[in-house]
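**Q** Mind having a look at this structure? Questions to follow.
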Ligand SMILES: [Zn+2]
């Protein structure tokens, strides 16, 4: 019997991780991603693995995005010494992405520790350090897609193009059981049909079991053509007002798609003659990796190369890796396109550009990616009239364009079409999606293809036999956190601290002894209140 435990991206979108145990006792992992999105979800990154990392022989990595790769440094730190099998571009992209993630972990831990010191609480250690992230890079063992890889004990695997981002892969896994071979397919994140830059997802015709991503299992995207027009319209709007165009972008794929489309406009002669800044060290590194990996482009991107162009370059494009160069962008008046991270405006250089331009009528903010609940980007998209940036209240007078069509994920129609290629009748497990999206996609698959579907819970264990499947409820089913109670408790905590502080301030003021310590604590409370209220 093959056992698969769903340790991440089960009933949620992030933290992708599946623990596979073969009948021969071999233990492998598929993906090892970071849980993202809110304190409760992120707390899962610190939990016990549910297996011994030193016993894991092989990790198959579908693609470089952090929600699929971001816990690899922790896995290695906790004892994993096996091979990481993935495509060459994924291995290359993981280098800057994991180091950047480690840097963020270190900064977050430092910020939390500073807060804790003020409350006489313990220091916080980062999930992993830059040094630990560097150490895991030697475990990467890149393998070209479309080749069968034997990993011993009757397990074979093959990576196929998933068409989501550069190097992204579908995993086909064959495991021998009682002289019968069982085939399990993990879709990884699947791209859209006609996705820019990368080839369309590989069609798979047979499997016994299919683990299918469901991120947009209940949604349809707008077309790329509509989105390109919206992008051009926004650029023309701010150019005519001599103001800046800000594009918060994710470093891998989205940034390169935007550069690719700007390049198209430029070759067609529709792009206004203004500077374009790529103001993100991580996106600059990722773009260089895209440039080095031309053999993975789709035929449209390759045709641009054959005509003698670089699809990610334009005469007006400037890379600004240093802080000094970044600051200089806002010292120059006039129109310019500024692409900066992070994609949801919660950190990074985009915050500086927002502070300088968001209040300027005629400027524009182009939202080209998903904005999670609670982020600055989301609040602006929802029509906030002002927003706090570096503690300052900044008015939103720039025009906000939400361009929804640049997703790198298959939508419901694409996913259904892809499932339609199977000639066998796989049992389908819907993963990597919010429960409603998984359910909606599962219902459609049942209705159209009459396949058996199941939405696994987090930590649920699936027992797979060649012709039957049994499910085991999660060993320790986590009680669903009650957000309202948690928030109320936090507010009560803050009220208590505020009361105590008021007394201290009153007493100190009466004696003319108001100290910096009290002011610091007030600032801290203000910060806390802001996070609760947001
Ligand atoms: Zn992805």
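The values are calculated or read from the model by the stated rules, or taken from the named source; none is laboratory data. No experiment lies behind these values; they were computed from the predicted model shown. Heads up, the Cβs are rebuilt from the backbone with ideal geometry, glycines too, and the neighbour counts pull from every protein chain shown.
**Q** Pairs, please: C-beta under 6 Å, at least 6 apart or cross-chain, first residue under 11 Å from residue 30 (Cβ atoms) and touching a residue at least 60 places away in the same chain (Cβ under 8 Å) and in the stretch 55-72, second part of a helix (DSSP H, G or I) and within 9 Å of the ligand (Cβ to nearest atom)?
**A** Hits for this filter: 62/68.
**Q** Follow-up question, since we're still on this one. Would you check which residues across the stretch 432-452 are crowded, with 20+ Cβ neighbours inside 10 Å and more than 22 Å from the chain's Cα centre (by Cα) and list them?
**A** Listed by number, the residues that qualify are 442, 445.
**Q** So residue 315 ticks every box in (1) under 23 Å from residue 232 (Cα atoms); (2) touching a helix residue (DSSP H, G or I) at 6+ places or on another chain (Cβ under 9 Å); (3) surrounded by 15 or more Cβ atoms within 10 Å (Cβ to Cβ) but one. Which box is left unticked?
**A** (3)
**Q** Okay, next question. For residues in the stretch 182-198 being outside any strand (DSSP E or B) and in contact with a strand residue (DSSP E or B) (Cβ under 9 Å, 6 or more places away or on another chain), which is farthest from the ligand (Cβ to nearest atom)?
**A** Among residues in the stretch 182-198 that are outside any strand (DSSP E or B) and in contact with a strand residue (DSSP E or B) (Cβ under 9 Å, 6 or more places away or on another chain), the one farthest from the ligand (Cβ to nearest atom) is 197.
**Q** A further question follows. Just to be sure, is residue 217 within 16 Å of the ligand (Cβ to nearest atom), more than 28 Å from residue 289 (Cβ to Cβ), touching a helix residue (DSSP H, G or I) at 6+ places or on another chain (Cβ under 6 Å) and not in a strand (DSSP E or B)?
**A** Spelling it out, residue 217 is indeed within 16 Å of the ligand (Cβ to nearest atom), more than 28 Å from residue 289 (Cβ to Cβ), touching a helix residue (DSSP H, G or I) at 6+ places or on another chain (Cβ under 6 Å) and not in a strand (DSSP E or B).
**Q** Continuing with the same structure: Please name all residue pairs, on different chains or six or more residues apart, with Cβ atoms under 8 Å, provided the first residue is in the stretch 407-425 and is under 22 Å from residue 165 (Cβ atoms) and touching a residue at least 12 places away in the same chain (Cβ under 8 Å) and the second residue is within 16 Å of the ligand (Cβ to nearest atom) and part of a helix (DSSP H, G or I).
**A** Final answer for the pair search is 408/254; 408/257; 410/418.
**Q** Sticking with this structure for a sec: Which ones in the stretch 319-349 are at negative phi, assigned to a loop (DSSP other than H, G, I, E, B) and buried (at least 19 other Cβ atoms within 10 Å of the Cβ)?
**A** Of everything in the stretch 319-349, those that are at negative phi, assigned to a loop (DSSP other than H, G, I, E, B) and buried (at least 19 other Cβ atoms within 10 Å of the Cβ) turn out to be 320, 335, 341, 342, 343, 344, 349.
**Q** Okay, moving on. Which is surrounded by fewer than 24 Cβ atoms within 10 Å (Cβ to Cβ) and within 19 Å of the chain's Cα centre (by Cα), of 196, 182, 190?
**A** Result: 196 is the single residue among 196, 182, 190 that is surrounded by fewer than 24 Cβ atoms within 10 Å (Cβ to Cβ) and within 19 Å of the chain's Cα centre (by Cα).
**Q** Name the single residue that is nearest to residue 28 (Cα to Cα) among those in the stretch 161-181 being within 16 Å of the ligand (Cβ to nearest atom) and assigned to a strand (DSSP E or B).
**A** The residue in question is 171.
**Q** Looking at the stretch 141-160, which of its residues are under 24 Å from the mean Cα position of the chain (by Cα) and in contact (Cβ under 8 Å) with a residue 60 or more places away in the chain?
**A** 159
**Q** Scan the stretch 32-64 residue by residue and report those that are in contact with a strand residue (DSSP E or B) (Cβ under 8 Å, 6 or more places away or on another chain), more than 16 Å from the ligand (Cβ to nearest atom) and at pLDDT 95 or above.
**A** Within the stretch 32-64, 49, 51, 55, 56, 58, 59 qualify.
**Q** Is it the case that residue 95 is more than 16 Å from the ligand (Cβ to nearest atom) and either at pLDDT below 95 or in a strand (DSSP E or B) (or both)?
**A** Here the answer is no, as residue 95 does not meet what is asked.
**Q** A further question on this structure: Considering only residues that are farther than 25 Å from residue 368 by Cα and touching a helix residue (DSSP H, G or I) at 6+ places or on another chain (Cβ under 9 Å), which ones fall in the stretch 401-428?
**A** Selection gives 419, 420, 422, 425, 426, 428.
**Q** Tell me the strands (runs of 3 or more DSSP E) entirely within the stretch 350-445 that contain at least 3 residues that are within 17 Å of residue 187 (Cα to Cα) and more than 16 Å from the ligand (Cβ to nearest atom).
**A** Where strands (runs of 3 or more DSSP E) fall fully within the stretch 350-445 and carry at least 3 residues being within 17 Å of residue 187 (Cα to Cα) and more than 16 Å from the ligand (Cβ to nearest atom), they are 427-431.
**Q** Still on this structure: Just to be sure before I move on: is residue 74 part of a strand (DSSP E or B) and at pLDDT 95 or above in the structure I sent?
**A** The answer is no for residue 74.
**Q** For residue 158, state whether it is within 16 Å of the ligand (Cβ to nearest atom) and under 30 Å from residue 296 (Cα atoms).
**A** Considered against the rule, which asks whether it is within 16 Å of the ligand (Cβ to nearest atom) and under 30 Å from residue 296 (Cα atoms), residue 158 comes out as no.
**Q** To continue, here is another question. List every residue pair whose Cβ atoms lie under 9 Å apart, where the two residues are 6 or more positions apart in sequence or sit on different chains, the first residue falls within the stretch 232-251 and is without any contact (Cβ under 8 Å) to a residue 60 or more places away in the chain, and the second residue, located anywhere, is part of a helix (DSSP H, G or I) and surrounded by fewer than 24 Cβ atoms within 10 Å (Cβ to Cβ).
**A** Hits for this filter: 232/261; 232/265.
**Q** From 286, 249, which residue is within 30 Å of residue 12 (Cα to Cα), surrounded by 21 or more Cβ atoms within 10 Å (Cβ to Cβ) and out of contact with any helix residue (DSSP H, G or I) (no Cβ under 6 Å at 6 or more places or on another chain)?
**A** 286
**Q** Have a look at 237, 277 and point out the one that is more than 16 Å from the ligand (Cβ to nearest atom) and part of a helix (DSSP H, G or I).
**A** 237
**Q** I've got another one for you. Just to be sure, is residue 67 under 16 Å from the mean Cα position of the chain (by Cα) and within 15 Å of the ligand (Cβ to nearest atom)?
**A** Against the criterion (under 16 Å from the mean Cα position of the chain (by Cα) and within 15 Å of the ligand (Cβ to nearest atom)), residue 67 qualifies.
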